[in-house]
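Peer 1: After the structure tokens below, expect a handful of questions from me.
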């Protein structure tokens, strides 16, 4: 009696030659979603759309900006605001889709690229993680659909990672703010966000399984685990408020100078881990400290104000600022690290009330690599 053949598992993106590119690699566009969820900025929503206008004004000088809006009325209102600030609307595309919130870093897809491909259209794809609103909020149905909608609009191949756990197959929950990569095979993440029982994204999934997922879907075979995030971060430890690659061998990490501040010791622990870490080739990292601003408070609650939440665009780096003396130090540090890009501060005191700033609200769409290029 013949035995039935078992189908071979489908190749992973990494096996097909895809990788998650570093943020400083060339962009096709930046995606943002226009703010509308007033409860995220209680009593202070009014200034927030104008912060977005300033973001679009700077980005549109260097790359296309794709803005997600829920319909014509929102689009017309946004157009009016952009025109008032002389934004070149030829650099802006409006995309109709509903969102629950606007943090596309987390609800949007993770784009991946292939440096060699038979056709240019085959060189960009996306990973569609499940989004569950940081395992904290119930309203995430629209946000969870965003990657699928973008894949259809852009005509890109889409992968939906799954994991076997406790006898069942389920989609992997992940957010873009939970990871940062150098494009060469190394990835930053925190144990607090991805391995804790608090706001657990993937209950029962261990460290080694997550590392295998990062290797299979992002070609990130070297995971550098930091400890925990900053006070006030309701994502429970996103790494994009802590430490970021700024080139393939250099990481910036925020440090607190006041020993009495509750962030002091956790950030020192992260600094120690980075100083001891090695990249995918076994080489030590260059670790550059960034300051922390003085606490930004609202209703006696500390907000997640951090200079690490910057966004790297084509020829530009946007940095959140907080009317703080440390703003200048942070801007100067990043300007030295990005000598070929403009480094621009964006006033974020109102924006951070929504518990996120520039990196949280943006998602880069990489350009297709030229044939034969490499990271």
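Peer 1: What is the number of the single condition among (1) in contact with a helix residue (DSSP H, G or I) (Cβ under 7 Å, 6 or more places away or on another chain); (2) within 17 Å of residue 95 (Cβ to Cβ) that residue 63 does not meet?
Peer 2: Residue 63 satisfies every listed condition except (1).
Peer 1: Tally time: how many residues in the range 325-350 are out of contact with any strand residue (DSSP E or B) (no Cβ under 7 Å at 6 or more places or on another chain), surrounded by 18 or more Cβ atoms within 10 Å (Cβ to Cβ) and not in a loop (DSSP other than H, G, I, E, B)?
Peer 2: The total comes to 0.
Peer 1: Here is a further query. If we keep just the residues of the range 114-137 that are part of a helix (DSSP H, G or I) and modelled with pLDDT of 95 or more, which is farthest from residue 217 (Cα to Cα)?
Peer 2: Looking at the filtered set, the residue picked out is 136.
Peer 1: Within the range 38-48, is even one residue touching a residue at least 24 places away in the same chain (Cβ under 8 Å) and more than 23 Å from residue 298 (Cβ to Cβ)?
Peer 2: no
Peer 1: Say whether the condition of being free of Cβ contacts under 8 Å to residues at least 24 places away in the same chain, in a strand (DSSP E or B) and surrounded by 12 or more Cβ atoms within 10 Å (Cβ to Cβ) is met by at least one residue in the range 299-320.
Peer 2: No: zero hits.
Peer 1: Something else about it: The conditions are (1) in contact with a strand residue (DSSP E or B) (Cβ under 9 Å, 6 or more places away or on another chain); (2) in contact (Cβ under 8 Å) with a residue 24 or more places away in the chain, and residue 356 fails exactly one of them. Which is it?
Peer 2: Answer for residue 356: the failing condition is (1).
Peer 1: Which residue is surrounded by the fewest Cβ atoms within 10 Å (Cβ to Cβ), if the candidates are limited to the range 195-209 and must be free of Cβ contacts under 8 Å to residues at least 40 places away in the same chain and under 20 Å from residue 269 (Cβ atoms)?
Peer 2: Going through the qualifying residues, I end up with 197.
Peer 1: Right, another one. Give the residues of the range 211-247 that are surrounded by 19 or more Cβ atoms within 10 Å (Cβ to Cβ) and in a loop (DSSP other than H, G, I, E, B), sorted by residue number.
Peer 2: 219, 220, 228, 229, 230, 232, 233, 235, 236, 237, 238, 242
Peer 1: In a helix (DSSP H, G or I) and touching a helix residue (DSSP H, G or I) at 6+ places or on another chain (Cβ under 6 Å), is that true of residue 105?
Peer 2: Answer is yes for this residue.
The values are calculated or read from the model by the stated rules, or taken from the named source; none is laboratory data. This structure is a prediction, so every number in the text was calculated from the model and none was measured. Cβ sites come from the backbone with ideal geometry, for glycine too, and all protein chains shown count toward neighbours.
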